[in-house]
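Single-structure report; data block below.
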């Protein structure tokens with residue numbers, strides 16, 4: 001299957017239609033203008049930086065119209081954009097940039113210190129700042145202004161051609177670059193249009209960060225493909241979100257924490273959300289009481305499930321199912337097939353039997369960047385092994401029960417305990433440590449560290465948290481710390497996470 005240049009198509013068919021609205025800068029970008037600016041960025045990379053198809057371009061920046069221009073500019077040229085998570089610590093970002101080996105790096109001026117440090121650590125000579133040129137670093141606007149402005153049309157891409165990389169930490173704490181292809185983007189857009197009813201007349205409020213598959217694909221990229229308008233929020237702001245949901249937006253996608261913050265807003269009870277025709281949520285379990293609070297206002301939140309490896313949409317309920325079965329993620333969307341297998345025997349299970357969820361379809365990643373062993377391990381006879389425990393009921397609607405992998409989700413962000421454990425273990429005086437996720441009303445889940453100290457060691461819970469925050473992104477640091485004489489292990493000598501969850505699964509005990 002071949003995918004055309006969506007921007008060129010739209011620039012010819014409805015050039016004046018607004019594609020993007022940058023809520024931070026108040027810039028509105030038409031499809032003709034978006035195509036022109038993406039072309040200018042592609043021309044700059046090709047002619048000034050000598051970027052070739054397959055070269056990587058690392059970007060560390062907040063969500064903006066500029067970000068989208070760079071993403072599609074990379075697509076026109078065949079370069080691979082590496083979307084860097086600005087919530088990570090510099091040491092974490094350095095490892096990712098080293099793994100991706102980009103030919104150039106672009107950073108927002110608010111990330112100047114980190115951007116300069118990454119460029120130096122990874123010996124990147126080609127550098128750009130989104131803002132005014134500074135200290136010899138090219139400014140984004142001046143770079144675009146120097147280009148011809150002629151439209152560059154992307155050659156039709158094959159389904160498996162890589163467009164960008166999204167890094168997600170593995171269960172061992174080692175970051176893996178998930179290949180995101182044009183076929184994945186196309187399939188996800190079609191699935192979104194069919195499941196959520198996205199259309200050209202829509203105005204979608206985009207509140208999730210663009211280093212995340214949720215930000216890019218729920219539903220910014222699908223909205224561009226169908227010719228709609230995306231309202232881009234630099235970072236989530238609850239007051240501004242309330243305003244836009246009442247007066248302008250017609251489509252909303254958020255993680256549970258965002259819906260919680262909105263429900264706690266002073267205007268929530270009286271707010272008129274009648275213009276929003278589609279509400280969706282994913283990224284973490286959502287409390288039943290919160291869904292019911294929205295239902296009382298006549299708002300049906302359609303809950304779904306997806307992964308970075310799946311593009312991401314694989315499940316999304318329709319409104320009738322969301323109202324009737326609170327907690328289900330519904331049936332697989334059009335171009336996804338799912339099944340549940342016994343975790344040990346790998347035999348297919350029937351209705352109401354719990355096992356590992358496996359997925360397949362054209363929207364799944366072909367694998368991980370330069371990690372063939374991890375890619376091979378992730379698939380089983382063409383099926384992606386999600387590591388999530390699920391079941392489906394007699395109607396074929398699926399429920400996600402638990403994660404066989406130890407990952408937990410805090411505020412929509414994946415946290416891998418092994419990575420946090422490795423950092424805590426570096427703290428002098430720590431003998432053993434295990435990290436589990438526990439329920440949190442605000443963030444969905446937060447970390448709890450179970451720590452055993454060496455004899456005579458003096459380490460406080462504040463010491464553990466501070467140590468983590470100095471070396472990891474803030475959301476990865478545990479919220480709670482419990483000290484024990486020894487950490488439970490199973491017969492194989494591995495940390496006994498089921499027992500630990502049973503013992504310490506409450507928030508504070």
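The values are calculated or read from the model by the stated rules, or taken from the named source; none is laboratory data. Just so you know, these numbers come straight off a predicted model, no measurement behind them. Cβ placement follows ideal geometry from the backbone for every residue including glycine, while neighbour counts extend to all protein chains displayed.
Looking only at the range 70-94, count how many residues are under 21 Å from the mean Cα position of the chain (by Cα), closer than 20 Å to residue 55 by Cβ and touching a residue at least 60 places away in the same chain (Cβ under 8 Å).
9
Working carefully through the options 221, 191, 217, find the one that is out of contact with any strand residue (DSSP E or B) (no Cβ under 8 Å at 6 or more places or on another chain) and either touching a residue at least 12 places away in the same chain (Cβ under 8 Å) or within 24 Å of residue 32 (Cα to Cα) (or both).
Answer to the selection: 221.
Considering (1) touching a residue at least 60 places away in the same chain (Cβ under 8 Å); (2) part of a loop (DSSP other than H, G, I, E, B); (3) within 21 Å of residue 4 (Cα to Cα), say which one residue 63 fails and leave the rest.
(3)
Quick one: which residue in 327, 363 is within 26 Å of the chain's Cα centre (by Cα) and under 30 Å from residue 294 (Cα atoms)? Full working, then the answer.
On the way: 363 fails: under 30 Å from residue 294 (Cα atoms).
Of the residues listed, the single one that is within 26 Å of the chain's Cα centre (by Cα) and under 30 Å from residue 294 (Cα atoms) is 327.
Residue 271 passes all but one of (1) under 26 Å from residue 64 (Cβ atoms); (2) assigned to a loop (DSSP other than H, G, I, E, B); (3) modelled with pLDDT of 95 or more; which number fails?
It is condition (1) that residue 271 fails.
Can you tell which of 408, 399, 416 is touching a helix residue (DSSP H, G or I) at 6+ places or on another chain (Cβ under 8 Å), closer than 25 Å to residue 336 by Cβ, at pLDDT below 95 and crowded, with 17+ Cβ neighbours inside 10 Å?
Values: 399 fails: touching a helix residue (DSSP H, G or I) at 6+ places or on another chain (Cβ under 8 Å); 416 fails: touching a helix residue (DSSP H, G or I) at 6+ places or on another chain (Cβ under 8 Å).
Exactly one residue qualifies, and that residue is 408.
When you look at residue 229, is it buried (at least 16 other Cβ atoms within 10 Å of the Cβ), more than 26 Å from residue 329 (Cα to Cα) and touching a strand residue (DSSP E or B) at 6+ places or on another chain (Cβ under 8 Å), yes or no?
Working: buried (at least 16 other Cβ atoms within 10 Å of the Cβ): yes; more than 26 Å from residue 329 (Cα to Cα): yes; touching a strand residue (DSSP E or B) at 6+ places or on another chain (Cβ under 8 Å): yes.
Yes: the conditions hold for residue 229.
Kindly provide the set of residues from the range 88-108 that are touching a strand residue (DSSP E or B) at 6+ places or on another chain (Cβ under 7 Å), part of a loop (DSSP other than H, G, I, E, B) and more than 15 Å from residue 176 (Cβ to Cβ), ordered by number.
Once the filter is applied, which keeps residues that are touching a strand residue (DSSP E or B) at 6+ places or on another chain (Cβ under 7 Å), part of a loop (DSSP other than H, G, I, E, B) and more than 15 Å from residue 176 (Cβ to Cβ), the range 88-108 yields 102, 103.
Results for (1) in the same structural domain as residue 415 (by TED's automatic domain parsing); (2) in contact with a helix residue (DSSP H, G or I) (Cβ under 9 Å, 6 or more places away or on another chain); (3) surrounded by fewer than 19 Cβ atoms within 10 Å (Cβ to Cβ); (4) not in a strand (DSSP E or B), shown as yes or no for each residue.
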| position | (1), (2), (3), (4) |
| --- | --- |
| 445 | yes, no, no, no |
| 448 | yes, yes, no, no |
| 451 | yes, yes, no, no |
| 455 | yes, no, yes, yes |
| 463 | yes, no, yes, yes |
| 466 | yes, no, yes, yes |
| 472 | yes, yes, no, yes |
| 478 | yes, yes, no, yes |
| 481 | yes, yes, no, no |
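Can you find even one residue in the range 6-14 that is on the phi < 0 side of the Ramachandran plot, without any contact (Cβ under 8 Å) to a residue 12 or more places away in the chain and part of a helix (DSSP H, G or I)? Before you say what the answer is, go through the steps one by one.
Of the range 6-14, the ones on the phi < 0 side of the Ramachandran plot are 6-14.
Applying the additional criterion that residues be without any contact (Cβ under 8 Å) to a residue 12 or more places away in the chain yields 9, 12.
Checking which are part of a helix (DSSP H, G or I) leaves us with 9, 12.
Checking the range 6-14: at least one residue is on the phi < 0 side of the Ramachandran plot, without any contact (Cβ under 8 Å) to a residue 12 or more places away in the chain and part of a helix (DSSP H, G or I).
Among the residues of the range 328-352, write down those that are under 27 Å from residue 216 (Cβ atoms) and either part of a loop (DSSP other than H, G, I, E, B) or touching a helix residue (DSSP H, G or I) at 6+ places or on another chain (Cβ under 7 Å) (or both). I'd like the intermediate steps shown before the answer.
At the first step, the residues of the range 328-352 found to be under 27 Å from residue 216 (Cβ atoms) are 328-338.
Within the range 328-352, 328, 329, 330, 331, 333, 334, 335, 336 meet the criteria.
Regarding the range 287-295, can at least one residue be identified that is outside any helix (DSSP H, G or I) and crowded, with 21+ Cβ neighbours inside 10 Å? Spell out the reasoning first.
Going residue by residue through the range 287-295, those that are outside any helix (DSSP H, G or I) are 287.
Retained after the next criterion (residues that are crowded, with 21+ Cβ neighbours inside 10 Å): none.
No - not one qualifying residue is present in the range 287-295.
If residue 266 passes every condition in (1) surrounded by fewer than 18 Cβ atoms within 10 Å (Cβ to Cβ); (2) in a loop (DSSP other than H, G, I, E, B); (3) touching a helix residue (DSSP H, G or I) at 6+ places or on another chain (Cβ under 8 Å); (4) free of Cβ contacts under 8 Å to residues at least 40 places away in the same chain but one, which one does it miss?
(3)
Quick check on my filter: what residues within the range 377-404 are part of a loop (DSSP other than H, G, I, E, B), in contact (Cβ under 8 Å) with a residue 40 or more places away in the chain and over 19 Å from residue 345 (Cβ atoms)?
Initial filter on the range 377-404 (part of a loop (DSSP other than H, G, I, E, B)): 381-382, 393-397, 404.
Next cut, in contact (Cβ under 8 Å) with a residue 40 or more places away in the chain only: 393-394, 396-397, 404.
Within the range 377-404, 393, 394, 396, 397 meet the criteria.
Listed here are the residues, each with its yes/no results for (1) closer than 21 Å to residue 304 by Cβ; (2) in a loop (DSSP other than H, G, I, E, B); (3) modelled with pLDDT of 95 or more.
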position: 245; (1), (2), (3): yes, no, yes
position: 249; (1), (2), (3): yes, yes, yes
position: 276; (1), (2), (3): yes, yes, yes
position: 284; (1), (2), (3): yes, yes, no
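One residue is enough: does the range 430-441 have a residue meeting the conditions within 25 Å of residue 114 (Cα to Cα) and out of contact with any helix residue (DSSP H, G or I) (no Cβ under 6 Å at 6 or more places or on another chain)?
Pass one, the range 430-441, residues within 25 Å of residue 114 (Cα to Cα): none.
Looking through the range 430-441, none of the residues is within 25 Å of residue 114 (Cα to Cα) and out of contact with any helix residue (DSSP H, G or I) (no Cβ under 6 Å at 6 or more places or on another chain).
Can you name every residue in the range 104-114 that is farther than 16 Å from residue 64 by Cβ, touching a residue at least 40 places away in the same chain (Cβ under 8 Å) and surrounded by fewer than 20 Cβ atoms within 10 Å (Cβ to Cβ)?
Correct list: 114 only.
Give just the number: which of (1) at pLDDT below 95; (2) more than 20 Å from residue 281 (Cα to Cα); (3) surrounded by fewer than 17 Cβ atoms within 10 Å (Cβ to Cβ) does residue 380 not satisfy?
The failed condition is (1).
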